[in-house]
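Asker: I have a structure here, written as structure tokens, and I will follow up with some questions on it.
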Amino acid sequence: MSEPMVELRGVTFGYGATPAVEDINLHLHRGQFAGLVGPSGAGKTTLLRLILGLLTPARGRVFVEGMDLRGKPSPCVAYVPQIETMDWNFPATVLQVVLMGRIRRMGRRPWANRDDARAARAVLERLEIGDLGARHIRDLSGGQQQRVFLARALLAEPDLLVLDEPTAGVDLQTQENILHWLAFLNQGGMTILMTTHDLNAAAAHLPWVFVVNRQLVASGEPDKVFTPEILNPTYKGT
């Protein structure tokens, strides 16, 4: 098997005396579509932040495309945060938010050019929200907001797309649409890692899962990992 695109070696990190994640060893290979699942407080978002280079491990090392991050973001990764964490009163239109995904490519240019705007509109069309470019982000539905931030990430043309609970806070039809869009992107060659609390959706749509509860409990295909022997102790008391 090829060298992993993402590798965590003995990673431990805590916000206080108690580790949020402990001694995590994890491999994600190019072309995979995988989910991080586990109970609330299991450390899923912390793991994403470590992979994004937003946090530095207390122990262990995080590699993305062979680069030892050491708390530095990788240029090949794009991130879609939980929509509940966003400030929806920020004065920006849909197109302006999406163009933020182009910042790394702008170099010294302080503004987007015509090519950037054309690419942003193409991504919006691809996600079926091409008519919303001039709308304020606070005026959108939850599903539309999620697609805006997915469009922003895609405009960065990442090798790895990382999403934190992309199906949270939206209706069932939008959940299905988002997961189908992600599967389509993965079929096109994009590597995807997402967190989710929805085991049913993970079992139906994700080819590979990592079960975490502060430590890595199991990894593999959902039908082989989602067993009573693994899930019952992992979710005990939640």
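Asker: Within the stretch 158-169, track down each residue that is in contact (Cβ under 8 Å) with a residue 40 or more places away in the chain and not in a strand (DSSP E or B).
Answerer: Pro158, Asp159, Glu165, Pro166, Ala168, Gly169
Asker: Just to be sure I understand the filter: pairs with C-beta atoms under 7 Å, separated by 6 or more residues or on different chains, first member in the stretch 171-183 and loosely packed, with under 15 Cβ neighbours inside 10 Å, second member among the acidic types (Asp, Glu) and assigned to a helix (DSSP H, G or I). Which pairs pass?
Answerer: none
Asker: Shifting gears a bit: I'm checking my understanding of the structure. Among residues of the stretch 31-55 that are without any contact (Cβ under 8 Å) to a residue 40 or more places away in the chain and assigned to a loop (DSSP other than H, G, I, E, B), which one is least open to solvent (accessible area, probe 1.4 Å)?
Answerer: Selected residue: Gly53.
Asker: Considering only the stretch 73-89, I want to know if a residue exists there that is outside any helix (DSSP H, G or I), in contact with a strand residue (DSSP E or B) (Cβ under 6 Å, 6 or more places away or on another chain) and open to solvent by 30 Å² or more (accessible area, probe 1.4 Å).
Answerer: Within the stretch 73-89, one or more residues are outside any helix (DSSP H, G or I), in contact with a strand residue (DSSP E or B) (Cβ under 6 Å, 6 or more places away or on another chain) and open to solvent by 30 Å² or more (accessible area, probe 1.4 Å).
Asker: Only residues that are crowded, with 19+ Cβ neighbours inside 10 Å and assigned to a strand (DSSP E or B): list them for the stretch 184-225, please.
Answerer: Thr191, Ile192, Leu193, Met194, Thr195, Val209, Phe210, Val211, Val212, Asn213, Leu216
Asker: I've got another one for you. For the stretch 158-170, name all the residues that are modelled with pLDDT of 90 or more and open to solvent by 30 Å² or more (accessible area, probe 1.4 Å).
Answerer: Across the stretch 158-170, the qualifying residue is only Asp159.
Asker: Follow-up question, since we're still on this one. Restricting attention to the stretch 195-212, report how many residues are touching a helix residue (DSSP H, G or I) at 6+ places or on another chain (Cβ under 7 Å), within 18 Å of Asn177 (Cα to Cα) and touching a residue at least 24 places away in the same chain (Cβ under 8 Å).
Answerer: Within the stretch 195-212, residues that are touching a helix residue (DSSP H, G or I) at 6+ places or on another chain (Cβ under 7 Å), within 18 Å of Asn177 (Cα to Cα) and touching a residue at least 24 places away in the same chain (Cβ under 8 Å) number 6.
Asker: Right, here's the next one. In the stretch 17-28, which residue that is touching a residue at least 60 places away in the same chain (Cβ under 8 Å) and closer than 22 Å to Asp223 by Cα is nearest to the chain's Cα centre (by Cα)?
Answerer: Here the answer is Leu28.
The values are calculated or read from the model by the stated rules, or taken from the named source; none is laboratory data. Predicted, not measured: the structure shown is a model, and the values here were computed from it. When we count neighbours, we look across all protein chains shown, and the Cβ atoms used for this are built from the backbone with ideal geometry, even at glycine. All accessible areas refer to the heavy atoms of the entire protein, side chains included, with ligands and DNA or RNA removed. Shrake-Rupley method; radii C 1.70, N 1.55, O 1.52, S 1.80 Å.
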